[in-house]
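Down below is the structure, laid out as structure tokens.
Just so it is clear, none of the values below were taken in a lab; they were calculated from the coordinates. As the structure is a computational prediction, the values presented were derived from the model and not from experiment. All Cβ positions, even for glycine, are placed from backbone atoms using ideal geometry, and neighbour counts span all protein chains on display.
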Amino acid sequence: MPIYTVYILECTDKRGRHQYYTGYTNNLHRRFLEHQNGKGAKFCRNKKLNLKYIETYPKQIEAMRREREIKTLPKKEKIELIKTKQL
């Protein structure tokens, strides 16, 4: 049975600005490599990526719901969430 991971990436552009990308996957290692190689979301392309936060779920629907919740959070709340679970 696969485990689904909700993750937050810190994406740093060439000017040093930090933005956050939230996604979910059943293979975090593969998905992170896709982001690094420019095959993931366009949002992450040409940026330095750092995995900052993860949560795991047994069911895909749970991970999808949590991803949606996190995506709607303001940036300040995402930063606070990240602080609760430092990797």
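Which residues, taken from segment 41-55, are of a type outside the set (F, W, Y) and in contact with a strand residue (DSSP E or B) (Cβ under 8 Å, 6 or more places away or on another chain)? Across segment 41-55, the qualifying residues are A41, C44, K47, K48, L49, N50, L51, K52, I54, E55. Just one of the numbered conditions (1) farther than 28 Å from M1 by Cβ; (2) surrounded by 15 or more Cβ atoms within 10 Å (Cβ to Cβ) is not true of E62: (1). Take the residues of segment 65-83 that are closer than 12 Å to G23 by Cα and acidic (D, E): which is surrounded by the fewest Cβ atoms within 10 Å (Cβ to Cβ)? That would be E69.
Does any residue of segment 27-41 turn out to be under 18 Å from L73 (Cβ atoms) and among the aromatic types (F, W, Y)?
Our first condition is that a residue be under 18 Å from L73 (Cβ atoms); within segment 27-41, this holds for 41.
With among the aromatic types (F, W, Y) added as a condition, the list becomes none.
Checked segment 27-41: no residue is under 18 Å from L73 (Cβ atoms) and among the aromatic types (F, W, Y).
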